[in-house]
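Trainee: Take a look at the following structure, please.
The values are calculated or read from the model by the stated rules, or taken from the named source; none is laboratory data. Predicted model, so just to flag it, every value in this text is computed and none were measured. Neighbour counts run over all protein chains shown; Cβ positions are idealised from the backbone, glycine included.
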Amino acid sequence: MDIDKLLKELGIEEKIRLIVGAGFFTTKIPGVAGETRAIDRLGIPSIALSDGPAGIRIHPIRFGDKSTYYTTAFPNEIALASTWNPEIVEKVGKAIGAEAREYGIDVLLAPGINIHRVPLCGRNFEYFSEDPLLTAILAASYVKGVQSEGVGATLKHFIANEQETGRMSIDVMVSERALREIYLRAFEIAIELSKPWAVMAAYNKIYGKYCTQNSWLLTNVLREDWRYNGLVMTDWWAGDNPVEQIKAGIDLIMPGDDRVVQILLEAYRKGELDEETIDARARRVLELISKSLKWKGYKPSNNPNLEENAKIAYEAAVDGAILLKNNGALPISQEKTVAVFGKGSYLTIKGGLGSGNTYPRYVVSIVDGLKERGIKINNELDKIYRETMVPLWFDQDAVTWYRNMREYVFKEGDTRLISWLVIEFTESILSRLMALTISEDFIDEETLDRIAKESDIALITISRISSEGYDRKAVKGDFYLRDDEYRLIQKVSEKFHSYNKKVVVILNIPSPIEIISWRDLVDAILVIWLSGQEIGRAVADIILGRVSPSGKLPITWPKHLSEIPAIKTFPGEPKENPKRIVYEEGIYVGYRYYDTFGIEPAYEFGYGLSYTLFEFRDLRVYMDDDTIVAKLRIKNIGNAIGKEVAQLYVRAPRGKIDKPYQELKGFYKTKPLKPGEEEEVEIKVPIKYLASYDGNKWVIERGEYEIRVGASSRDIRLRTSITIEKDVCFDKHWYRVEC
Ligand code: BGC
């Protein structure tokens, strides 16, 4: 594409049309979130942008069309982060990229890389971690995967969109140090490592200005400090002034409409917006289009390899499952009979709702996964669940009826009944209502006694849903167990333990829930998160010990919400309808806070058990130019095959700048190691990762830095240190400067 020539040929209105999306309700591919406008006269095609992190979100069924357009539901990002495995995350990205390509989508609106500041953020399932480095490395892998298929990826939401309450306008007050070291750092490193085609500016304000209208953020930081040269778009209907958006550095206003085109045109005519700025923005849009498969003439097949991708979704779900507790209950042998409790075992939740939702061909529930893998389940209990709880909506028949109806409506093109929006809305409302209304405690004592006698082990699934647009709540039924859920766990545990049988809880949840009031009642706890369409198969294989769990927490699991400093200001002030949120905790987010202030969490950052044990030894550390190289050996000294994650934390010396107790600076997940097998591990840490922001430059203060390597942030197995002889300073472009 000869962009210079095109810019000369395009009229001012055409250029403005290029930088304003084509609208939300008129997209050519049903369900994509947006498109750019074509300029047919010059052969400039329109490109399609689609959500979202867990897979492509397009409508699976189209009016009057007999074909289907299902996509794979991959594990949500928090589950991907729990893998600590850049390779598998890249594979997932690549699979999503391939599906995008085959469905004619040019740019994916993912990954989301906001930071888990509080466990209650309603979109945490769409974000990786509380740690910027873990986030950045995994996000970069995801982006590389997507882009290797010729599809662009979008880092979102830039910046400080750590909550849904008031998200369209809340003003975030955060110190520049915390912003640079925690929130921006995730974007900065991900951009450096993976060169994403696009960045999406967030809805909220920062320092009093909408992110989409904030030239400090979009121009000074992103373009000047970081030299980012991809495209910057708005989040959908963000901000309140398109002219300011374009001036501040937005290249593409989404989803866009003719009204916005007129506003920009008017501003140009009045001399409030100059042609040079419009040209610069149109240039970026053209650059994006020129990279797209659409421009390159690729003909999508509408037939992605869903079979293959389901395998990748399965692999990622298994890799991200975290074993929190295990008193010898797991794994179980194949001949055991399992009593399966909890409605989440039947209507297992595959992923969160909102733009991060997906429409796969199927979701394997936990109970179906167990059955499919040949695990015997207690039939009486199964019947009770199917018959007693089901008059309500999640009975398989009702689900099938609902699906058929939906298919009918779509295939026949009968628009009189329901529109897609209503269907989607109903679906999310139904699952919420279901979660709220059905009691888990409905099995009488006698029946429970019989079930316990006739089964070898109990499995209880606790599920929670979460959605874009809402934060989770510190109430029973959300962060806390409902009374009936608690009673179910209590009664089943008492009964099974009275027969010397064990109880396992599966957590099918979007982010942590309260755990300490009930964890001692049960023998094992496995967190499967919202792990996509293959979730039931992943649970079954882990329970059977066909694969050892190897996931690690990408967040700290709190004992009490009140111990989290950020909770004090969440969701902002005034409490009712917050307009402003102060990140008072500064850089002390997640483990940085727990470790520095000596607070004991329920489970620490990086924690996760396995069915085997690992020995860490021979830590050697040396400097190679500006990189710290750490080498060590990890050996499987247990009896099962398994993988371990070596986590490298650095503890800085006391200097002028306040430092957290320790910070994650690198990690490595081993290959599956057989009993007795060992692997030589190498972790490289660019020295600049040690720097702190002093208000104007990045500084590594001189002194002794402890290099700590372990299996979690609180299970440090090996330590050594390196000495930085004199202060090292970098400017905002990371060039060395005088201190
Ligand atoms: C969300 C974005 C999403 C966009 C398009 C917005 O509401 O915040 O994450 O990509 O909608 O669906």
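Trainee: Where the second residue is away from the ligand (no atom under 13 Å from the Cβ) and not in a loop (DSSP other than H, G, I, E, B) and the first is among the hydroxyl-bearing types (Ser, Thr, Tyr) and lies in the stretch 245-256, which pairs have Cβ atoms under 6 Å and are six or more apart or on separate chains?
Mentor: No pair meets every condition.
Trainee: Name the single residue that is nearest to the ligand (Cβ to nearest atom) among those in the stretch 41-72 being among the hydrophobic types (A, V, I, L, M, F, W, C) and crowded, with 19+ Cβ neighbours inside 10 Å.
Mentor: Here is the first cut: in the stretch 41-72, the ones among the hydrophobic types (A, V, I, L, M, F, W, C) are 42, 44, 47-49, 54, 56, 58, 61, 63.
Now restrict to residues that are crowded, with 19+ Cβ neighbours inside 10 Å: 44, 47-49, 54, 56, 58, 61.
Values: 44: 23, 47: 15, 48: 12, 49: 8, 54: 12, 56: 12, 58: 11, 61: 19 Å.
It comes out as 49.
Results for (1) among the polar types (S, T, N, Q); (2) assigned to a loop (DSSP other than H, G, I, E, B); (3) touching a residue at least 60 places away in the same chain (Cβ under 8 Å), shown as yes or no for each residue.
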{"site": "279", "(1), (2), (3)": "no, no, yes"}
{"site": "284", "(1), (2), (3)": "no, no, no"}
{"site": "287", "(1), (2), (3)": "no, no, yes"}
{"site": "330", "(1), (2), (3)": "no, yes, yes"}
{"site": "335", "(1), (2), (3)": "no, yes, no"}
{"site": "357", "(1), (2), (3)": "yes, yes, yes"}
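Trainee: Could you grab me the full set of residues in the stretch 46-85 that are modelled with pLDDT of 95 or more, over 21 Å from the mean Cα position of the chain (by Cα) and among the hydrophobic types (A, V, I, L, M, F, W, C)?
Mentor: Selection gives 47, 48.
Trainee: Could you give every pair whose Cβ atoms fall below 9 Å, whose first residue belongs to the stretch 21-35 and is on the phi > 0 side of the Ramachandran plot and at pLDDT below 90, and whose second residue is within 13 Å of the ligand (Cβ to nearest atom) and of a type in the set (S, T, N, Q), counting only separations of at least 6 or pairs across chains?
Mentor: Filtered contacts from the stretch 21-35: 31/50.
Trainee: Scan the stretch 665-697 residue by residue and report those that are farther than 19 Å from residue 621 by Cα and in contact with a helix residue (DSSP H, G or I) (Cβ under 7 Å, 6 or more places away or on another chain).
Mentor: Correct list: 692, 693, 695.
Trainee: Let me ask something additional. So which residues in the stretch 97-136 are closer than 24 Å to residue 687 by Cβ and within 14 Å of the ligand (Cβ to nearest atom), if there are any at all?
Mentor: Listed by number, the list holds a single entry, 113.
Trainee: Tally the residues that are among the hydrophobic types (A, V, I, L, M, F, W, C) and within 15 Å of the ligand (Cβ to nearest atom), restricting the search to the stretch 232-288. Working first, answer last.
Mentor: Start the filter on the stretch 232-288 by keeping residues that are among the hydrophobic types (A, V, I, L, M, F, W, C), which leaves 232-233, 236-238, 243, 246, 248, 250, 252-254, 260-261, 263-265, 267, 273, 278, 280, 282, 285-286, 288.
Among the residues that remain, those that are also within 15 Å of the ligand (Cβ to nearest atom) are: 232-233, 236-238, 250, 252-254.
Residues that pass the stated criteria total 9.
Trainee: List pairs: first residue in the stretch 37-63 and under 22 Å from residue 236 (Cβ atoms), second residue at pLDDT below 95 and in a strand (DSSP E or B) anywhere in the structure, Cβ distance under 7 angstrom, at least six positions apart or on different chains.
Mentor: 60/68
Trainee: For residues that are touching a Ser or Thr at 6+ places or on another chain (Cβ under 6 Å) and aliphatic (A, V, I, L, M), tally how many sit in the stretch 518-537.
Mentor: Kept after step one, since they are touching a Ser or Thr at 6+ places or on another chain (Cβ under 6 Å), are these residues of the stretch 518-537: 521-522, 535-536.
When the remaining residues are screened for being aliphatic (A, V, I, L, M), the result is 521-522, 535.
Residues that pass the stated criteria total 3.
Trainee: Sticking with this structure for a sec: Taking only pairs six or more apart or across chains, which ones have beta-carbon atoms under 8 Å, a first residue in the stretch 178-203 that is within 18 Å of residue 49 (Cβ to Cβ) and among the β-branched types (Val, Ile, Thr), and a second residue that is more than 16 Å from the ligand (Cβ to nearest atom) and not in a loop (DSSP other than H, G, I, E, B)?
Mentor: 199/191; 199/222
Trainee: So, one more: Quick check on my filter: what residues within the stretch 227-246 are surrounded by fewer than 22 Cβ atoms within 10 Å (Cβ to Cβ) and touching a His at 6+ places or on another chain (Cβ under 8 Å)?
Mentor: 227
Trainee: Those residues that are out of contact with any strand residue (DSSP E or B) (no Cβ under 6 Å at 6 or more places or on another chain) and surrounded by fewer than 22 Cβ atoms within 10 Å (Cβ to Cβ), I need them from the stretch 347-368; list them, please.
Mentor: Result: 357, 359, 361, 362, 363, 368.
Trainee: What are the residue pairs meeting all of these: first residue in the stretch 1-19, first residue in contact (Cβ under 8 Å) with a residue 12 or more places away in the chain and within 14 Å of residue 36 (Cα to Cα), second residue in a loop (DSSP other than H, G, I, E, B) and of a type outside the set (A, V, I, L, M, F, W, C), Cβ atoms under 7 Å, and 6 or more apart or on different chains?
Mentor: 17/37; 18/36; 18/37; 19/251
Trainee: Does at least one position in the stretch 154-162 carry a residue that is within 16 Å of the ligand (Cβ to nearest atom), closer than 18 Å to residue 558 by Cα, charged (D, E, K, R) and assigned to a loop (DSSP other than H, G, I, E, B)?
Mentor: The initial filter retains those residues of the stretch 154-162 that are within 16 Å of the ligand (Cβ to nearest atom), namely 154-162.
Still in the running and closer than 18 Å to residue 558 by Cα: 162.
The next check asks that each one be charged (D, E, K, R); those that pass are 162.
Applying the additional criterion that residues be assigned to a loop (DSSP other than H, G, I, E, B) yields 162.
Yes, the stretch 154-162 contains at least one residue that is within 16 Å of the ligand (Cβ to nearest atom), closer than 18 Å to residue 558 by Cα, charged (D, E, K, R) and assigned to a loop (DSSP other than H, G, I, E, B).
Trainee: Next question. With among the charged types (D, E, K, R), touching a Leu at 6+ places or on another chain (Cβ under 7 Å) and surrounded by fewer than 19 Cβ atoms within 10 Å (Cβ to Cβ) as the only criterion, which of 625, 618 stands out?
Mentor: From the options 625, 618, the qualifying one is 618.
Trainee: Cβ-Cβ below 9 Å, separation at least six or inter-chain, first residue in the stretch 146-173 and on the phi > 0 side of the Ramachandran plot, second within 13 Å of the ligand (Cβ to nearest atom): which pairs?
Mentor: Final answer for the pair search is 160/114; 160/202; 160/204; 160/211; 166/204.
Trainee: Also, I was wondering about something else. Take residue 83 and tell me if it is touching a Gly at 6+ places or on another chain (Cβ under 7 Å) and within 16 Å of the ligand (Cβ to nearest atom). Give the derivation first.
Mentor: Working: touching a Gly at 6+ places or on another chain (Cβ under 7 Å): yes; within 16 Å of the ligand (Cβ to nearest atom): no.
Taking the combined requirement at face value, the residue does not satisfy it.
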